[in-house]
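If you scroll down you'll find the structure; I have some questions about it.
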Amino acid sequence: MPPPPHIKPENVLKRAQELIAVGQAPAALNVLHEHVTSKRTRSSPISSLEPVMLLFVELCVDLRKGKSAKDGLYQYKNIAQNTNVGTIEMVLKKFIELAEQKVTEAQAKADQIQSSLESAAPSSNVEDLEAIETPETILLATVSGEQSRDRTDRAVVTPWLKFLWETYRTVLEILKNNARLEVMYQTTALQAFQFCLKYTRKTEFRRLCELLRNHVQNAAKYSAQMHAINLSDPDTLQRHLDTRFQQLNVAVELELWQEAFRSVEDIHTLLSLSKRPAKNVMMANYYEKLARIFLVSENYLFHAAAWNRYYNLLRQSAAAIATGQSTKKENPSVSEADMTKAASFVLLAALSIPVISTSRSRGVLVDVDEVRKNKNTRLTNLLGMAQPPTRAVLFRDALNKGLLKRARPEIRELYNILEVDFHPLSICKKITPILKQIGADPEMEKYVLPLQQVILTRLFQQLSQVYESVELKFVYELAQFPDPFQITPAMIEKFIMNGCKKGDLAIRVNHTAGVLTFDADVFSSAKALHPGSAAGSAESEIGSVQRLQNTPAEIARLQLTRLAKTLHITCLYVDPSYHEARVQAKQTAQARAQAGAAQEHEETLARREAIDKKKEAATDALQKKQREEETRKRIRTQQLQEAEKQRLLDEQREREKKRIKDEQDRIRQQELKKQLEELKSGVKGIDISEIDLEDLDANRLRAIKLAQLEKEKNELNDRIRTTAKRIDHLERAFRREELKHIPADYEAQKKRDMELYEESKAETLKEAEDKHKDAVALKHRLSRLVPHFNSFRKELSEKRHEEFEKRRKAAERDFEAKKKQRVKEVEERRRREKAEREAEEKRRLEEEERARRDEEERTARDEERRRQMAEEKAKREEERKKLDELAQKQKQREEEAEARRAARKIGGEPPLRPEPSAPSTERTAPRLNLAPRTGGAGTSWRERQAAKEAAGTSGTPEAAAPASREESTPAPAAAAAAAAAPVAAAPVAAAPASAAAPAPAPARKTGGYVPPHLRAGAGGAAGSAGAAPERYVPRAAREPPSRAPAPAADKADEPKPAAQKWVPRFRQQ
């Protein structure tokens, strides 16, 4: 069977184009989506599937169905990635181009809308030129808070921008971790970066960076997959590095500094994986962007270090190009101006490093200092340095490389003022013109604020060496900066407090006297005089500031050192033997050391060996102990796990048992409640409020329902019987009364019918006469038109006859042609049917042969089964015969016993007046309303059998007596007993008086109401009072109409009928 037509890509493409032509693009997209995502499409050729995909992505872009496009492109990548990668790239490029084109069109549309709005605003349609802003525009601007351009872009451009972003993300997700599509992946990433940069999409740029970062992590995790990228491949790693550098550039352009720092970390990670060194041009860009990041984060120390690394890279590139070791393509373009600029920035950045740090000291927060240390280590690794940089190291490196000669003159002069010269009273005046030049340069203007901190630090350090106290006013006058960079006294005081807190300054401020006092205590600022004591200090060397004299603290700290040096020099000059003894002791120690060097070396080796052996023994013992401890711990853990597992299993079993029991109880309670509700709604008269559900079960509930149904049935039968009797009497009274009025009513009816007939006859004759007159007048009026009508009819008949002949001939020709065609088809069909009949006959013969064989096998099986059944039947017959013989013997014994008992009743005992039998009070179970028994009511099967045999052998009253009842009846009362016998025993004559009576009619088998037309014939069927009390008989049928009166003596000796209780019909059967 051929596949459905929609499975073929050509048919699907044609169907989609037809739907697009009639304006049903969504339906066409659904058709294409179902075909592309179908499993049957995997076997389709790529050449026929490619046009379908192109139309599919075009519709997805037009309708902005990004999710459908993603599903289809995923499926297409899975189909084509093993055979044709180029088609995947072509479809994805088409997808991106269409999305970008839509964004461009949306922007053009938004510009057109905005231009039309702007051109329409100042037109002559404005009623009041002084009120250009209408109340509507003012209200809208107040509520929305945005201009008309923003609203237009949000309504027109933003949806397509969102779709374009979804397009980039979808394509990157499809192309990820695939070595065959790696180039397309990197190209798409670069396009996404340009999208974020062009439209200033900062949030999307963060998400894009995180997406690319996750892709790289997953690539390392799933490197074993087929077609997975290999980061060890230099080309792949280089492409990732190019992408990350572009990411870094875009992050810097967008001023997303945190994302830029993460990009730097990504680049450093990729560089650590790379086996080949990165190009100098890339590293130059890396250090330049890293320097900008550090400057924005106000980390001036690492900012200066990054500039230093950048300058070193420029020097190496210039040297490599000059010597011909490398090409200009792999190195940044370096000129003398570039080197001068880089050297100036390196020196200026180093000078801008604050001497007093703003971080908290180690004494306050050790963990924060540890975090800072870890952070510095990370930043050092990013710069590729072995040790964290310091201010002094950066200056020493700059001086060694001759940066002062390459730097700009003002930067060189600034270095001399801050780091070389000592001029506390004129430092700010000398630096003011330099700061003006630096502030005039936009690139260097950012260094003015950190330079102010360094200048103030140098100012107070130099003043503390010259003065013990100065006036605050004098200090404010000294700390004067150019106009745009003025600082206030509050800023100066804040700087002093921070320096004192860090231990870099020892100054007291007295606002009352307006004096600034430099602390002269010999122990107050000793912590600031040795490297590393001040946590926030950026200077690790004491001599970084020019000093005129030592402070009192330095004098107190160095007093013993100076005394020891002076005494040593005095001894050398005063006592020559002191020097000779020192020299001789030194020579003796050297000789002793040379003599015992070999032995000491051997002893050292032996001791090392002994120490190594002890270490090995201790290590082995420790390892053995650890292994034993681990073994014990593992065994204990396993035991605990097994015990816990067993406990959980036991708890689970207990919970399961409890759950099953609760569920069973709940189901039982629900069933009981449901049955009670059904009982309450279905059966009336039951009070279930006093029923306890705990003690109630299904059997008891069923018994309650059956009892109530039985009660309702009895009540219903009583009501029906009473109603039937009432209706019967009422209908009889109506008919008796009706008979009196029937003749009069018949006469009145005949009179009315005759009157109506006469009236109808007169009206009919009148209407016929009027109609005849009108018809005669019409005939005379239309008679002059008859000739014209005849001629017209003749012409019309001739025309129609000619047309008929033409059509008949044409129909005959068509008939002959169709007849031939039909004959041909019939012959062909007969030949085909003959062949089919022959094949069918052959198949039928084969089936009959097979059926015959099956029938023979089935007959054999049936014969065998019948034989077995016959044997089993013979065995059962033998058993049944034995049982019948036993039953016959038992029956004979019972008959003999009955005969003896009848004989005793007839002749042995005197006649007694029978007592009326008490009504049976025994409770019997309700019986079904089945057909009534044909035998006598209230007798057993033995009594009925004996009555039949007695009726067949003799007609005497003595033989019929045992069949009536088991009670003893006297001989003179035989006639009364025969009259009281049931209807089933009527053929047996009990006395000569009753024998002469006619045979009674058979009693009705149904109980309850008896219609009147059946009551007269039922008189002979009524039994006497001795009949069975189970069947209800109406009162009119209880006394036979022709009953011979009995003698008075017989009436006195007749037994009185027992008082019987009325029994319902369903109990009689």
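The values are calculated or read from the model by the stated rules, or taken from the named source; none is laboratory data. None of these values were measured; they are calculated from a predicted model. Don't worry about glycine lacking a Cβ; one is built from the backbone with ideal geometry, like all the others, and counts go over all protein chains shown. Ligands, DNA and RNA are excluded from the accessible area calculation, which covers all protein heavy atoms including side chains. Shrake-Rupley method; radii C 1.70, N 1.55, O 1.52, S 1.80 Å.
Along the Cα→Cβ direction, 7 angstrom out, place labels at ALA564 and TRP257. What is the inter-label distance in nm?
Output for this residue pair reads 4.8 nm.
Take the Cα of ARG807, step 7 Å along the line toward its Cβ, and report every residue of segment 783-800 whose backbone nitrogen sits under 11 Å from that point.
Under cut-off, by backbone N: 800.
While we're here: How big is the gap, in Å, between the Cα center of segment 743-803 and the Cα center of segment 180-219?
101 Å
Assuming a ≥ b ≥ c are the square roots of the Cα gyration tensor eigenvalues, decide whether segment 806-895 counts as rounded (a/c under 1.5), prolate (otherwise, with a/b larger than b/c) or oblate.
Numbers: a/c = 20.47, a/b = 3.35, b/c = 6.11.
Oblate is the answer for segment 806-895, as a/c is 1.5 or above yet b/c matches or exceeds a/b.
Then there is this: Full-extension gain between ASN699 and LYS794, please, as 0.36 nm times their residue separation minus the C-alpha to C-alpha distance.
Extra length available between ASN699 and LYS794 comes to 24.5 nm.
Next question. Quote the FRET efficiency, to the nearest 0.05, computed for LEU190 versus LEU63 with a Förster distance R0 of 35 Å and r equal to the Cβ-Cβ distance. If you can, show how the numbers build up before the last one.
On the way: r = 28 Å, r/R0 = 0.80.
The pair LEU190/LEU63 has a calculated efficiency of 0.80.
Here's a follow-up. Pop the C-beta distance of LEU709 and ASP662 into the FRET formula with R0 = 25 Å and round what comes out to the nearest 0.05.
So the FRET efficiency works out to roughly 0.15.
While we're here: From the square roots a ≥ b ≥ c of the eigenvalues of the alpha-carbon gyration tensor of segment 233-325, which class results: rounded (a/c under 1.5), prolate (a/b over b/c), or oblate? Walk me through the numbers on the way to the answer.
Numbers: a/c = 2.15, a/b = 1.16, b/c = 1.85.
Oblate shape, in that a/c is at least 1.5 and b/c is the bigger or equal ratio.
Another one. Calculate I(q)/I(0) for segment 360-494 by the Debye formula, one identical point scatterer on each C-alpha and no solvent, and give its log10 at q = 0.17, 0.18 Å⁻¹ to two decimals.
Debye output, listed in q order: -1.12, -1.17.
In whole angstrom, how far apart do the alpha carbon centroids of segment 822-859 and segment 54-99 sit?
Comparing the Cα centres of segment 822-859 and segment 54-99, I get a distance of 58 Å.
Over 32 Å between Cα atoms, which of LYS102/LYS176; LYS65/LYS202; LYS401/LYS565; LYS429/LYS565; LYS77/LYS328 qualify?
LYS401/LYS565; LYS429/LYS565; LYS77/LYS328
Leaving out ligands, DNA and RNA but keeping every protein chain, what accessible area does MET497 have, in Å² rounded to the nearest 10, with a 1.4 Å probe?
That residue has around 100 Å² of solvent-accessible surface.
Could you give the length gained on full extension between HIS423 and THR722, defined as 0.36 nm per residue of separation minus the Cα-Cα distance, in nm?
Result: 93.7 nm gained on full extension.
Report the full-extension gain for the segment ALA606 to LYS766: residue separation times 0.36 nm, less the Cα-Cα distance, to one decimal in nm.
Gain on stretching ALA606 to LYS766: 41.2 nm.
Around GLU471, which amide H atoms from residues at least 5 apart in sequence, or from another chain, sit under 5 Å from its own amide H, with H modelled in the peptide plane?
Result for GLU471 returns LEU516.
Quick query: amide H of MET444 versus all other amide H atoms, modeled in the peptide plane; which residues come in under 5 Å with a sequence gap of 5 or more or a different chain?
Those qualifying (amide H under 5 Å, at least 5 residues apart or on another chain) number zero.
Along the Cα→Cβ direction, 7 angstrom out, place labels at GLN480 and MET869. What is the inter-label distance in nm?
Rounded to a tenth, the inter-label distance reads 13.7 nm.
What spacing in nm lies between the two simple spin-label points modelled at TYR757 and LEU404, each 7 Å away from Cα in the Cβ direction?
That separation, rounded to one decimal, is 15.8 nm.
Can you bin segment 1-109 into rounded, prolate or oblate? Criterion: square roots of the alpha carbon gyration tensor eigenvalues sorted a ≥ b ≥ c, rounded for a/c under 1.5, prolate for a/b above b/c, oblate for the rest.
Oblate, since a/c reaches 1.5 and b/c is not below a/b.
For HIS511 and GLN225, what is the calculated FRET efficiency with R₀ set at 56 Å and r taken between the beta-carbons, to the nearest 0.05?
0.15
If a paramagnetic tag sat 7 Å from the Cα of ARG830 along the Cα-Cβ line, which residues of segment 790-820 would have the backbone N under 19 Å from that point?
Residues 816-820 qualify, since their backbone N sits under 19 Å from the label point.
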